[in-house]
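Bear in mind these aren't lab numbers, they're just calculated from the coordinates by the rules spelled out. What you are looking at is a predicted structure, and each value in this text was computed from that prediction instead of being measured. For neighbour counting, all protein chains shown are included, and Cβ atoms are generated from backbone atoms with ideal geometry for every residue, glycine included.
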Amino acid sequence: MDFPIRVFEKWKMVCLKCGLVQKVSKVWRCKCGHPLTLITRMEDIQLDPLILTERPLSLWRYREVLPVVEKSIVSLGEPLTPLIQLDLMGLESCFIKLDFLFPTGSFKDRGSSIMISAAKLMGVKEAVEDSSGNAGASVAAYCAKAGISCKVIVPSYASGSKLLQIRAYGAKVVVKGSRSDAANLAMQEAKKGTFYASHVWNPFFIEGTKTFAFEVWEQMERKEPDVVVLPAGHGTLLLGAYKGFLELKELGMIENLPRLFGIQAEGCSPIVDRLHGGSESEGSSHLAEGIMIKDPPRLDEMVKSIVETGGDALTVGDHEIKENWKKLAEKGLFVEPTSAASLAGLEKLMKERLVDRDESIVVPLTGSGLKTPQKIARLIS
Ligand SMILES: [Zn+2]
């Protein structure tokens, strides 16, 4: 191994499909072809809530459950994102988590900060990522901070403003066909030895997004909400939330897992199709570019996280996304349209009585409106 393996010796990489367990390394895929997950012995971890209160208001306050060491941290000052109560749909306890307030304008910084910190520790000099935009911008920013050369491969439909952001951080941008074409090209480069800084495949990324659950737990007076409604494309936030709440339960900090609901776009809903059979809708979303993923590698994991928590998945259309985007803007919240899909999903969950009015509900807003000016120009014209 060409990096200090001792740092990772408390962690292992496991394939949840075939069960193969291996040491932590730059490997990003199991021999059987499935994604890997990082695990550690939770019984060895001591997370003292009182010590947490003395630490800076950053996701790095949960260092006991993160697979990195302090000297390798690559940080752009990730905040503890605000959790605000919002008067929506007459709900008593609806909390919105402002995850678009990260340094690059999206929740992806949770994952990038931890993943690029691990890459730095491994001595990585070159990284490649494929993304519809936000993850690419985030990885590019953290690579810039770490002094790692970065290439981001994007599909042809990615927003021009997101490409500008990626280029501004000094990363090389390659535009390549469909979302799968971009992923295939990145994998080819990764096979040649470039570090695959994939928000989808790299297991360190989900170690970062799991801090979402730890923050919600602390911000809700160290309790779990009843329900969390999340956008679900590749499912990096859904899976991070699931892993985080599961770890909090294993640590004895919460009694129950919140019910997790995954919201997908009409015409691109593999979780809904798996849970409810067949595609319930045709058409295609022009507003939810961040979650238009037809064949997500972690689909099995997403379905399991939803089923195990007693949640569900459903689709929303562009009309519903538009209406809910406007509701948020009227409350002073300027987000990219994909972010409004979760709120549209919550509205549907209420109508279908899958969520009760008196339950405590958390909805993250995942990306800033500044990311997609052209789409927003059409929404308000
Ligand atoms: Zn496997």
query: In the neighborhood of S93, defined by Cβ-to-Cβ distances under 15 Å, what is the net charge if each Lys or Arg adds +1 and each Asp or Glu adds -1?
result: -4
message: If packing is taken as the average number of other Cβ atoms within 10 Å across a peptide's residues, how do 321-328, 106-113 rank, most packed first?
response: 106-113, 321-328
message: At 7 Å along Cα-to-Cβ for each site, give me the label-to-label distance between A377 and E255 in nm.
response: 5.4 nm
- request: Mind checking which of V174, A313, V355 is farthest towards the positive end of the chain's charge dipole, using Cβ charges of +1 (Lys, Arg) and -1 (Asp, Glu) about the Cα centre?
  value: V174
- line: The size of the Cβ-based charge dipole (Lys, Arg +1; Asp, Glu -1) of the stretch 87-192 about the Cα centre, to the nearest 20 debye, is 520 debye
- prompt: Roughly how many whole Å is it from the C-alpha centroid of the stretch 182-208 to that of the stretch 129-153?
  reply: 11 Å
Gained length - K294 relative to E9, 0.36 nm times residue gap less alpha-carbon distance: 99.0 nm
- prompt: When we measure straight from the Cα of K108, which aspartates and glutamates land under 18 angstrom away, once same-chain ones fewer than 8 places off are left out?
  reply: E78, D99, E129, D130, E207, E215, E289, E336
message: I need S305, S284, S75 ordered by Cβ neighbour count within 10 Å, fewest first.
response: S284, S75, S305
- line: Scoring the chain by relative contact order with C-alpha pairs under 8 Å, at least six apart, yields a percentage of 16 percent
field: Exposure proxy order (Cβ contacts within 10 Å, fewest to most) of T309, T209
entry: T309, T209
task: Give me the net charge of L379's neighbourhood, meaning all other residues with Cβ under 11 Å from the Cβ of L379; Lys, Arg count +1, Asp, Glu -1.
output: +1
message: Taking the Cα centre as origin and putting +1 on Lys and Arg beta-carbons and -1 on Asp and Glu beta-carbons, what dipole magnitude results for the chain, to the nearest 20 debye?
response: 1580 debye
Ordering of 143-151, 222-230 by burial proxy (mean other Cβ atoms within 10 Å per residue, highest first): 222-230, 143-151
query: Taking neighbour counts of Cβ atoms within 10 Å as a proxy for exposure, in what order, fewest first, do H276, H319, H199 appear?
result: H319, H276, H199
task: Taking a cut-off of 24 Å between Cα atoms, list the lysines near K23, but don't count ones fewer than 8 places away on the same chain.
output: K10, K12, K31, K71, K120, K125, K191, K192, K210, K243
- line: Other residues with Cβ under 12 Å from the Cβ of S131 give, with Lys and Arg +1 and Asp and Glu -1, a net charge of +2
